[in-house]
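What follows is calculated from the coordinates using simple rules that are stated; it is not laboratory data. Only a predicted model underlies this, so the values are computations on that prediction, with no experimental measurement involved. FYI the Cβ positions are ideal-geometry reconstructions off the backbone, even for glycines, and counts take in every protein chain you see.
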Amino acid sequence: MDGKLKCCICNNTDSKGIILLNEYICRKCELDMAKAPIHEPEYEKFRRGIRDIWKGFNRKYNKSIPGCN
């Protein structure tokens, strides 16, 4: 293994990003996300990516909590 991870937003691989709720976001997406104006289409791409991370996390971990399925 070369230590590179696949970004859940852009699908590129590198090793300098962040892990958010067990999902990897590359450094470029992290920086672009922080400066994306909310009226630009790129902002919506990042918003959906974070939403999908959150949904995946909830699906995975709510199954282990009684009454949250």
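If I model a spin label as a point 7 Å beyond the Cα along the Cα-Cβ vector, how far apart are those points for Ile38 and Lys55 in nm?
Placing both labels 7 Å along Cα→Cβ, they lie 2.2 nm apart.
Mean separation of Cα pairs under 8 Å and 6+ residues apart, divided by the residue count of the range 5-62: what relative contact order is that in percent?
27 percent
Let me have the 222 nm mean residue ellipticity of the chain computed from DSSP H runs of 4+ only, each contributing -39500 (n - 2.57), with the sum over all residues rounded to the nearest 500.
Taking each H run of at least 4 residues, the total per residue is -15000 deg cm²/dmol.
Which order do Lys28, Lys6 fall in if you start with the one that has the fewest other Cβ atoms within 10 Å?
Neighbour counts put them in this order, fewest first: Lys6, Lys28.
Report the number of Lys pairs in the chain whose alpha-carbons are under 20 Å apart, with separation of 8 or more residues or on distinct chains.
Summing the qualifying lysine pairs gives 13.
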